[in-house]
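Encoded as structure tokens, the structure appears first; notes follow it.
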Amino acid sequence: DHSYIGMDKGIPLDGLDYLATTYLTKNYLNPRIRVGLGAYGAGCQLSYPYTISFYTYRDPNIERSLPILEKAHEFLSTNVDSIALESSKAEALSRLHSQFRLLGTPLEEANALEGLVLWGQGPADLMRLQEEILKATPEAVKAKGAIYKELFKQGRVSIMTQKSYTTEKEFTTYSY
């Protein structure tokens, strides 16, 4: 079972998005939802070029988790610790490298670069994303909080289970 709040940023993701979502996952979502509420996992996923998704996995009570997800922007706007941010940079780079298969086989790398070209981007854009992650300051990451607040207003909630199609309260459930 997965629950998601998916959002289309409307402009390409930047390095700060990768860093901010990694920071949120490690320092806010996992401690509050995974540890605090008993979900198997919680975090953020980015799908270049535009999509940000917040998720919980095998969440025993999505209604308790949603308010936590919806307040992620508040945590980000007020609680960016410079030491924790530095440790999040390595993981954010790893997520970027995994998404673009930069450490894969030459064929995987070529496929990822072809996708970039189709989006009107190139290898220089990958370098820019990595530099933005590495040069990010706590203040720049805090500024993402306001952007994520607006994105949550536009986001769509969905829940996927192994059950048949049902509607649970105001949430729609799909079986895959």
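The values are calculated or read from the model by the stated rules, or taken from the named source; none is laboratory data. Only a predicted model underlies this, so the values are computations on that prediction, with no experimental measurement involved. Note that we place each Cβ from the backbone using ideal geometry, even for glycine, and neighbour counts take in every protein chain shown. Just so you know, the surface numbers come from the protein's heavy atoms only, side chains and all, with ligands and any DNA or RNA stripped out. Shrake-Rupley method; radii C 1.70, N 1.55, O 1.52, S 1.80 Å.
Below are the figures for this structure:
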| read-out | value |
| --- | --- |
| With every protein chain in place, the chain: carbon and sulfur % of accessible area (1.4 Å) | 54 percent |
| Mean Cβ neighbour count within 10 Å, used as a protection proxy, ranking 130-136, 41-47, 80-86 highest first | 41-47, 130-136, 80-86 |
| Between 0 and 90°, nearest 10: helix 82-99 axis offset from the chain longest Cα axis | 80 degrees |
| Among L151, L113, L66, residue whose mean-square fluctuation peaks in a GNM of the chain (springs only between Cα atoms under 10 Å) | L113 |
| 14 Å reach of a label modelled at L118, 7 Å along Cα-to-Cβ, counting backbone N of segment 9-48 | 48 |
| Potential extension, T78-Y50 segment - 0.36 nm per residue separation minus Cα distance | 7.6 nm |
| Spatial separation of Cα centroids for segment 74-145 and segment 48-67, in angstrom | 21 Å |
| Of I68, I33, I147, the one that fluctuates the most in a GNM where the chain has Cα springs shorter than 10 Å | I147 |
| Segment A110-N30, length gained on full extension (0.36 nm per residue, minus Cα span) | 25.4 nm |
| Order of exposure, largest accessible area first, which applies to V117, V157, V141 with probe 1.4 Å | V117, V157, V141 |
| Accessible area of segment 20-128 divided out per residue, in Å², using a probe of 1.4 angstrom | 51 Å² |
| Expected 222 nm ellipticity per residue - DSSP helices of 4 or more, -39500 (n - 2.57), all of the chain, to 500 | -15500 deg cm²/dmol |
| Crossing angle, helix 138-154 versus the chain [Cα axis fit, 0-90 degrees, rounded to tens] | 50 degrees |
| Prolate/oblate/rounded call for segment 1-143, Cα gyration tensor, a/c under 1.5 rounded | prolate |
| Surface accessible to a 1.4 Å probe, L102 within the full protein complex, Å² | 50 Å² |
